[in-house]
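Asker: What follows is a structure written as structure tokens; I'll ask about it next.
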Amino acid sequence: MNGSGLAPETRTHLIRSCERIVGPEGVISAPDELRVYECDALTFYHRVMPDLVVLPTSTQQVADVVRLCREAGVPFLPRGAGTGLSGGATPDAGGVMIVLTRMNRILDIDVPSRLATVEAGFINLWLTNAVKRHGLFYAPDPASQQACSIGGNVAENAGGPHCLKYGVTTNHVLGATVVLPDGEVRQLGGKIQDRPGYDLLGVFVGSEGTLGICTEVTVRLLPQPEAVKTLLAVFRTIEEASNAVSGIIARGIIPVAMEMLDREIIKAVEANVKAGYPLDAGAVLLIELDGPRAEIEAEAVGVEATCREHGCIELRVARTDEERALLWKGRKEAAGSVGRITHHYYLQDAVVPRSKLPKILREIGEIGGRYGLIIANVFHAGDGNIHPLICFDLTTPGDLDRAIAAGSEIMKRCIEAGGSVSGEHGIGHEKRDYLPLMYSPADLAAMLRVRAVFDPAGLCNPGKIFPADRPEGHGDRNLQSPAMTAVSDR
Amino acid sequence: MPVATSLTDGLHAIVGADGVFTGPALAEYRLGPATPHAVVFPRDESEVSRLLRLAWEEGLAVVPWGSGGHQSLGYPPSRYDLALNLRRLNRVLEYEPADMTATAQAGIRLADLQRHLESGRQFLPLDPPLASQATLGGILGGNLSGPLRCRYGTARDLVLGIRVAHADGTITKGGAKVVKNVTGYDITKLYLGSHGTLGVILEATFRVYPRPPAEQAWWLSTPELEAAHALAIRILGSHLAPSRVELLDGPAGRACGSPAQGPALFVSIAGVPEAIRAQANDLARMAGEFGSVTTEDPAAPRTWAGLSDFPWLNAERNGKGHGAIWRGGVLPSDCARGMRAIHEASSEWADTAMAASVAHGIVRGTFRAETPEALARSLAASREVLAALGGFLVVLDAPAPVRAQVDVWGPPLDGVGVMQRLKAAFDAKGILNPGRFVGGI
Amino acid sequence: MPTAVATRSAESGRPLAPAFDAVDRPDREGILDCVHCGLCLPSCPTYLTTGLEMASPRGRIHLMRAVDEGQAGISADFVKHLDQCLGCLACQTACPSGVPYGYLLEAARTQIERRYERPAGDRRLRRVILSLFPHPERLAWLLVALSWYQRLGLSGVVRNTGLLALLSPRLAQMEALLPEVPSAAARRPLPGVTPAVGQRLGRVGFLTGCVQRFVLPDLNRATARVLAAAGYEVVSPQGQGCCGALHLHSGDLETGRALARRTIQAFERAQVDLVAVNAAGCGAAMKEYGHLLRDDAEWRSRAEAFRARVRDISQILAGVSWRQELKPVPVTVTYHEACHLAHAQRIRKEPRLILQRIPDLQLVELPESDLCCGSAGVYNLLQTEMAGRLLQRKIDRIRETGASVVAIGNVGCLLQIGLGLRQAKLPVRTVHPVELVDWSLHGMPDGEPRA
């Protein structure tokens, strides 16, 4: 689908002006090239090409492009690596896409203060690689960390398996240089903490590119733990495994990660990477502890005892780095492996209080049964952050609709259980119509007030997060927000 | 000051006669030159909402109030009609140990909340100054923290969701009651540390932590401040997992019970006893590398409480005539440099005592001086030397004549225009704690 | 959402080439295997360099899909972005979904070569290069000419004045790539059979290659010596020529198949147990003969049987227990991973293993070791600018290691990185890992730097 229906002369003006700002090699306007920017990692139903793509190399260039858009009244949106799963980096209805992949330098690493400042396009995993030799690492580790950008992490407030202990992006970002939607450059937060004033940075993180474009980010680095221990606990049922999760927490142990894989996922993983998960298990829990060696040795004893109490039938401890990598490989490639059991799936993201895990998993099983669909589960059990993968076949009539309906029902059950419709993938374009499930009109009005302060003209990544923000007559009307977080459309 | 009958009637109608104080009781609600017309004690959030609605309609300026311990923060209000005391909203609404989350009302005292969480052997890891009195709402509104932030972070890392009454009485929530949530804006962060200028915090849901089975603390003293600081940086960059690492200059150390006369680090490690033992050995070894003597503190909990409160306690001590307390920020690697520069810049006029939470570069201290002028001069000079390091200084409490000479918040920071617009968007009539925050918000 | 199929170019109004035809069509299932997750992005050298998604694996697949579904034609932009792909297959290593990118690329390029009319100059250049490189006899001609040119001392003059660059930047690139041309004696072919030293473990056929046998003859001699020392009888079958790799990468599958059949036949006749290759690109192509000839009823099983015998030299050497003592080679070595070893063949441990077994050799890891150096077959001749940027990056990384030797398991990379080092005046020598083993077995050549 093509852009916003910009007048040709406006488009030409924008192209020429952007070329003056970033140089001709930084502007993409050919239709066959723009096509690759019509979606991010959410490919299924919302595809809209931008009118043009600009690749700035400095904060000043970003500010100049934003000011240009504002003067022309043209919507704009930022994009990093485009690995998001909620359509946040796909235009709602055309406009100028500002791609930050050319801003990917390290600006400063301060080892004694354990801080790093990088440009927004810098890739998450590169940071840990860059500071490894100083005995440090960057904690947030979204599944896409090998590709996703720190700027994108800031926009989405990205999580990851290890955020159970370390927290998500917002807990690690101390400052950001942002271009506000009026083109002004502002420093939010900074290397020095606790400056008086509203926590603008706090509300900016996770605002999905609707409050401005961040161009530089200062993050906190953590010292590498003395020791890491990875355990695999095998259970007959997912219920027992969920109870073990709560039991471990109740014991006062906070593992760095607790990941659950159910029977269907185990099947898929073993067909693909052969991580050595037992095929007859109802669920496996991948538990990782890190910290001072004596501490995790003591915790491991507690974890093992708790798992046994809850009916664990087998417990493995990775003895070497290779064994540890293998146990994790199964988890990391779980979603990729689901192709082995289904042609199409859609990946949900929701959160329930940890103590409600057994209940919600039972309900998901029932929902799957009722709709005649396999729903596979692989998720961050420690956080109660579930990722049901609803399997369906596009070639079977009605299957897609059933999958959407099942997904919607799961969302509602999560809210009823006191949860949230997104734990880490964001709302973006996909889940915006789910927001009223969680927030009252007044709650949303308060958020929109913030948006109006930052972006009174409503040009900065419009059509995202908020249902009321959707301009009529734009975007794809064929599929009314099934609020799908990601659908493999093979 | 006599209160208009119609207003009193209106307040009575909402909170009952026993929920409104007027008269002499108002003296303890005085802020700077101003005293409110009344103090109100709502019992639930709907009463808060109705009170605010009334204030909104009448254009009355409202100061949210908890224990009052930190009301010295900021400018005195530009207008002040009602003190909104939230002490009666003091219940724990939800607590599920297996979820490691709890929801409590704003008026609960932190100490009472901790007692409640004890049932699940958990706690809310916040240790602000004056913790024994402070209320949850006050701690969140001021984003107050103490040495424990080294391990657990601050309110912004712990609060998951919030309920807030807006200037017009509308009640909204932000965030959720689960540990992970990216639905909508993280608007909760805006209210934390907003000093009640955007809305009145009614309740909060936060992450709680298991109370460690044991904790031990040590004094690591060195002849020079810089050596103690270098040791702190070494510890914080190592595999050790300390709960708190505080750098104290000589006077602060002596005030808090350090066995040595000079500068020292006060460090605690929590966990299972065997892990503490192993880390204690490493700690002593590292300390040795820096020529430091390690002494265990047998009364660590009391020392920690004293250390959290020390600027306040120290300011009240007998000595020179006038005291001020302040908080500043620098890079973690600049703590010693900042403390030494402050000492050099202010010692001519004032006695100083300082401590720093090195992990986050937060320095806090007290000055005592003969005259308000000397006190003001030492604060201004200290602010200047911290600014030279890229840092800042906020005056937390000082006598009125000092406040007249030194801006308590300091020069405006980047983004203050956005903050002012936010204030206007959330409180168009300017009735919530008006004029108290940065930029006259 | 699918839109109407564009049938005419928006710029010129000329009819667009229709979507892919049925001959060697990119596999639709393979295209759909890509879920657009983006994990491939930073592994891709061209994306890394440009930050453009068209220059990324998932972008290229997205473009292929648009053409496959008839939403777009084989336009100049499409061709540009497929041409720019190095074919390094780093994306296949990164991909969690098992997308067969290499096959998709090969097929899409075949469609381009058959159905897209390139500008005349471009067409001519590609033809010249493809006809020259894989044919040893034509290369030999060129080399003789070059050796005279070097002997006359003109090369310095020509390089320095930029005369050659003026004439043709691509010819300049080609000339610059070549190291000192070996003497005629050095270029003598290997003996047909080199006997095993001691008891014979097996009979190994040796692919002498099209380029290396002339440009790096020492490498082939060293390879034969080392294999013999390991206990293998080494045969260099007559009639072998180019393995077809360059054609396969360039969209000429038909010639590639013909060369594959010739290669298979030559080694069948030689009756060998294994086929040893010291050029990663050739090894990777030969291991794909089964796929290449999968629709050829007559050759399918022969190709499979052949494929199963192919080994990179490092795979053979990693399993050898040496019969003689390995002598110290006191040098600091860093190892560059050739794309067609690391990504196409997934061989990563073996070369390091054989280096680590050499006494006194200090192996330091090269950052971004598996990032393409820009050589990529004839890529460096066709996409000079991108190749140059990647080479510069590689040289910078090598400089950071402080190594005096960089070990490289592929001929193209040896030439490319050698060029970069010469241009940067960096005193680092390029060698194939097997040459280091040869030094350890048979002594270091005189004049080698020791550190």
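Where a number appears in this text, it was derived from the coordinates with a stated rule and is not lab data. Here the structure is a predicted model, which is why all the values come from computation and not from measurement. Note: ideal-geometry Cβ built from the backbone for every residue, glycine included; neighbour counts use all protein chains shown.
Asker: Which whole DSSP H helices in chain B pass both tests: a Cα extent of 18 Å or more along the axis and a mean Kyte-Doolittle value no lower than -1.0?
Answerer: Helix filter hits for chain B: B:45-58, B:273-289, B:300-316, B:372-388.
Asker: Now for a different question. Evaluate the distance, in nm, between pseudo-label points positioned 7 Å from the Cα of C:V23 and of C:R300 along their respective Cα→Cβ axes.
Answerer: Simple spin-label model gives 2.1 nm for this pair.
Asker: Using Cβ contacts closer than 10 Å as the measure, can you line up A:C414, C:C373, A:C39, C:C34 from fewest to most?
Answerer: Exposure proxy ranking, most exposed first: A:C39, C:C34, A:C414, C:C373.
Asker: 5 Å is the cut-off here: which amide hydrogens, built 1.01 Å from N in the peptide plane, fall below it relative to C:G202, excluding neighbours closer than 5 in sequence?
Answerer: Long-range HN contacts for C:G202: C:E233.
Asker: Let me confirm one metric for peptide A:435-446, namely the mean number of other chain beta-carbon atoms within 10 Å of its residues' beta-carbons.
Answerer: 5
Asker: In whole Hz, what ³J(HN,Hα) sequence does the stretch B:137-152 give by Karplus (6.51, -1.76, 1.60; θ = phi - 60°), x for Gly and Pro?
Answerer: In residue order, the calculated couplings are x, x, 5, 6, x, x, 6, 7, 8, x, x, 5, 4, 3, 9, 10 Hz.
Asker: Based on the alpha-carbon gyration tensor of the stretch B:81-199 and its eigenvalue square roots a ≥ b ≥ c, which shape applies: rounded if a/c is under 1.5, prolate if not and a/b is larger than b/c, or oblate?
Answerer: The shape class here is rounded.
Asker: Apply the Karplus parameterisation 6.51 cos²θ - 1.76 cosθ + 1.60, with θ equal to phi minus 60°, to every residue of the stretch C:311-316 and state each ³J(HN,Hα) to the nearest whole Hz, in sequence, with x for glycine and proline.
Answerer: 9, 5, 4, 5, 5, 5
Asker: Another question, then. Let's test the formula: R0 of 45 Å, r as the Cβ-Cβ distance of B:R91 and A:K329. What FRET efficiency results, to the nearest 0.05?
Answerer: That gives a FRET efficiency of 0.40.
Asker: Further question on the same structure: If amide hydrogens are placed 1.01 Å from N in the peptide plane, which non-local residues have theirs closer than 5 Å to the one on C:K327?
Answerer: C:L441
Asker: Next question, about the same structure. If you restrict to DSSP beta bridges whose two residues both lie in the stretch A:107-223, what percentage is antiparallel, to the nearest 5?
Answerer: The antiparallel proportion sits near 100 percent.
Asker: Per-residue ellipticity at 222 nm for the protein assembly as shown, helices alone: DSSP H runs ≥ 4 residues times -39500 (n - 2.57), over residue total, nearest 500 deg cm²/dmol?
Answerer: -11500 deg cm²/dmol
Asker: Here is a further query. What whole-number distance in Å separates the alpha-carbon centres of the stretch B:259-322 and the stretch C:303-365?
Answerer: 56 Å
Asker: Could I ask something else about it? Over chain B, what is the relative contact order in whole percent, taking alpha-carbon pairs under 8 Å and six or more residues apart?
Answerer: Relative contact order of chain B: 15 percent.
Asker: Another one. Using a 7 Å offset from the Cα along the Cα-to-Cβ direction at both B:V293 and A:A7, what is the distance between the two label points in nm, to one decimal?
Answerer: With each label placed 7 Å out from Cα toward Cβ, I get 8.2 nm.
Asker: Determine, for C:R269, A:R195, C:R60, the number of other Cβ atoms within 10 Å of each Cβ, and report the residues in order from fewest to most.
Answerer: The order, fewest Cβ neighbours first, is C:R269, A:R195, C:R60.
Asker: Now, a different point. Enter the mean number of other protein chain beta carbons within 10 Å of the beta carbon of each residue in B:141-153, as an integer.
Answerer: Neighbouring Cβ atoms belonging to other protein chains average 1 per residue here.
Asker: Other chains near B:327-336: what is the mean number of their Cβ atoms within 10 Å of each residue's Cβ?
Answerer: Taking the mean over all residues of the peptide, I get 4.
Asker: A further question on this structure: Percent relative contact order of the stretch A:8-102, based on C-alpha pairs within less than 8 angstrom and at least six residues apart?
Answerer: 33 percent
Asker: Going by how many other beta carbons lie within 10 Å of each one, how would you line up B:F123, B:F290, fewest first?
Answerer: Fewest to most other Cβ atoms nearby, the residues stand as B:F290, B:F123.
Asker: Also: Once you sort the root eigenvalues of the Cα gyration tensor of the stretch C:325-442 as a ≥ b ≥ c, which label holds: rounded (a/c under 1.5), prolate (a/b larger than b/c) or oblate (the other case)?
Answerer: prolate
Asker: Additional query: For the stretch C:31-81 and the stretch B:172-212, what is the centre-to-centre distance using only Cα atoms, to the nearest Å?
Answerer: Using only Cα atoms to place each centre, the spacing works out to 42 Å.
Asker: Rounded if a/c is under 1.5, else prolate if a/b beats b/c, else oblate: with a ≥ b ≥ c from the C-alpha gyration tensor eigenvalues square-rooted, which is the stretch A:225-336?
Answerer: Oblate shape, in that a/c is at least 1.5 and b/c is the bigger or equal ratio.
Asker: Residues with amide H under 5 Å of B:L93's amide H, sequence separation 5 or more or different chain, H placed in the peptide plane at 1.01 Å from N; which?
Answerer: Sorted by chain and number, the residues that satisfy this are B:T103, B:A104, B:Q105.
Asker: Follow-up question, since we're still on this one. List, in order, the whole-Hz ³J(HN,Hα) value for each residue of the stretch C:48-60 obtained from phi through the Karplus relation with A = 6.51, B = -1.76, C = 1.60 and θ = phi - 60°; use x for Gly and Pro.
Answerer: 4, 7, 9, x, 9, 6, 5, 8, 10, x, 5, x, 5
Asker: State, to one decimal in nm, how far the label point of A:A305 lies from the label point of A:D393, with both points 7 Å from Cα in the Cβ direction.
Answerer: 5.0 nm
Asker: Which lysines have a Cα less than 28 Å from the Cα of B:K429, not counting those fewer than 8 places away in the same chain?
Answerer: B:K173, B:K189
Asker: Taking 8 Å as the Cα distance limit and 6 or more residues as the minimum spacing, I'd like the relative contact order of the stretch A:107-223 as a percentage.
Answerer: 32 percent
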